[in-house]
1. Is there a residue in the stretch 320-330 that is within 16 Å of ligand 1 (Cβ to nearest atom), within 30 Å of residue 356 (Cβ to Cβ), assigned by the TED database to the domain that holds residue 225 and touching a residue at least 24 places away in the same chain (Cβ under 8 Å)?
2. I'm trying to understand the selection: among the residues of the stretch 357-384, which are in a strand (DSSP E or B) and away from ligand 2 (no atom under 16 Å from the Cβ)?
3. Among the candidates 424, 394, single out the residue that is in the same structural domain as residue 196 (by the TED database), touching a residue at least 24 places away in the same chain (Cβ under 8 Å) and outside any helix (DSSP H, G or I).
4. Name every residue in the stretch 147-167 that is open to solvent by 20 Å² or more (accessible area, probe 1.4 Å) and of a type in the set (A, V, I, L, M, F, W, C), in order of residue number.
5. Across the stretch 62-110, what is the total count of residues that are open to solvent by less than 30 Å² (accessible area, probe 1.4 Å) and not in a loop (DSSP other than H, G, I, E, B)?
6. Exactly one condition in (1) at pLDDT below 95; (2) within 16 Å of ligand 1 (Cβ to nearest atom) is not met by residue 269; state its number.
7. Considering every residue within the stretch 346-356, establish whether at least one is within 16 Å of ligand 2 (Cβ to nearest atom) and either closer than 24 Å to residue 262 by Cα or in the same structural domain as residue 306 (by the TED database) (or both).
8. Looking only at the stretch 262-292, count how many residues are hydroxyl-bearing (Ser, Thr, Tyr) and closer than 30 Å to residue 342 by Cβ.
Amino acid sequence: MLLLRRAAQTAVRTNHHRSFSASQTHLNERKGLVLGVFEEEGEQGSLHLTQAAAGFDQTSSGKLSELLKISGPTLKKGKSRIFYGIHKDFPCVAVVGLGKKDAGVCGAENWDTSKESIRQAVSAGCRLLQDLEVDHVEVDACGDAQSAAEGAALGLFHYDQLKSKKKTKVTTQLHGSADSVGWEKGVRYAEGQNLARLLMEAPANHITPTAFANTIEEKLAPYAERVTINKRSQSWIEEQQMGAFLSVSKGSEEPPVFLELHYNGSPDSKQAPLLLVGKGVTFDSGGISLKPSPSMDAMRADMGGAATVCASIVTAAGLKLPVNIIGLAPLCENMPSGKATKPGDVVTAKNGKTIQVDNTDAEGRLILADALCYGHTFNPRAIINVATLTGAMDVALGSAATGVFTNSDWLWEQLHKASVVTGDRVWRMPLFQHYTRQVTDSQLADLNNIGKYSRSGGACTAAAFLREFVTAPHWAHLDIAGVMSNKDEIPYLRKGMSGRPTRTLVEFAAGLAQSG
Ligand code: BES
Ligand code: ZN
Ligand code: ZN
């Protein structure tokens, strides 16, 4: 027994021990496999392999279960182990711990624990293999092919476009399951989020308002049949009398763009659209109310609202969701200059309301105000705006969940339901008159762009401000400042800009499509 364990440990830790000769394996040398194992409910130490893992175990004459038993304690949730040379087709096999089978939806956590565990485990397995420079990985569905695909594609994403030394590019494929539809759906969802991550992570000198709009246009090109794109220029924005938006863009040398996307997925072309509006500040220096230098670089992701909204529409088009969606993204930079808006200036929004701009760093609500006014002209069935709006949102919830401020219980329920499935959670926040009073009390104008008690309830006063530009009965404002980036909180996302909550938006749109 001792001898066997030692042999197994060698197989686990080093790359030298091979059960197959080099000539047998060299053709597939860079191919790997991720397999799942559940935590056993009853008997200590007994194995509970997934269907695919059990199948693999059979074809490898029980080698997998044997090695799992002798290589250490039973695999706990989130832990993984690599075995080399136990199958001629797969030189490297990563076995990942999935936790308890059938854990399902957890009321306290507001997510589906089984799905989250699969995303986490698969992502860990894929990354281990990527570190070994394996370039093709087959993945166990682990009972939910969509979640497995999401774990694989989200876990492997890494922004290294601008580095000379790049991580191994890994292609993935479903293993031992017939649910290719679930797998493909998961890949689409994850690629949508990865597109948002890419746009958010990219430096602001690469993703200017113009470059952002062009990138989205390129991504939507394959779906031209169902999609129309308008990249509105400064003169159009002026004609529209979007004085609040222009007051932000005027400090920058980069021209603003108002991006307008129409995805006509519904067989009923007259069906009222879902309207998605995203804050697209491609760099937020704060303007004349300049931000402090430390961490200012993170403000390249201040277009996260626009990125997640546009990426959701690209994904909806790829999935051919039978629903109409309009996406609006006011895109600009917020910069200080001789032409920039000054604290105390008064500007006029599209709906005629005047705004005293006491802090030029509270710019997101200004550009969204005009976009919301314009959006109402499409008579949408629901309006959702998404924005990295306030540092106060991060203080309130951190990165656990997106804050949702909404005037509609129905919209809240649909968004919440979608987020339980995706694991990219939302949490409802208040829209009290209490906060409205703090933004409507302005010395010079109808509104002030900051709450009169400055920092207190900052996310709530910002939401109350936006509400002044909404007349629709089903509107939700999603403040994503807290979930904008990931350190290590979400294990299946590497450190960097998160692209959250793209999958929740897509799942929400898919739900709408289903309900007609
Ligand atoms: N883009 C920021 C909010 C932000 C902060 C997003 C941190 C992500 C991470 C926004 O434009 C801003 O600066 N808001 C101010 C508002 C304040 C001046 C009322 C803030 O939160 O400090
Ligand atoms: Zn700002
Ligand atoms: Zn901002």
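1. yes
2. Passing the criteria: 382, 383, 384.
3. 424
4. Passing the criteria: 153, 156, 157, 162.
5. Counting residues in the stretch 62-110 that are open to solvent by less than 30 Å² (accessible area, probe 1.4 Å) and not in a loop (DSSP other than H, G, I, E, B) gives 16.
6. Failed condition: (2).
7. yes
8. 3
The values are calculated or read from the model by the stated rules, or taken from the named source; none is laboratory data. Predicted, not measured: the structure shown is a model, and the values here were computed from it. Every residue, glycine as well, gets a Cβ built from its backbone with ideal geometry; the counts of neighbours run over all protein chains shown. Ligands, DNA and RNA are excluded from the accessible area calculation, which covers all protein heavy atoms including side chains. Shrake-Rupley method; radii C 1.70, N 1.55, O 1.52, S 1.80 Å.
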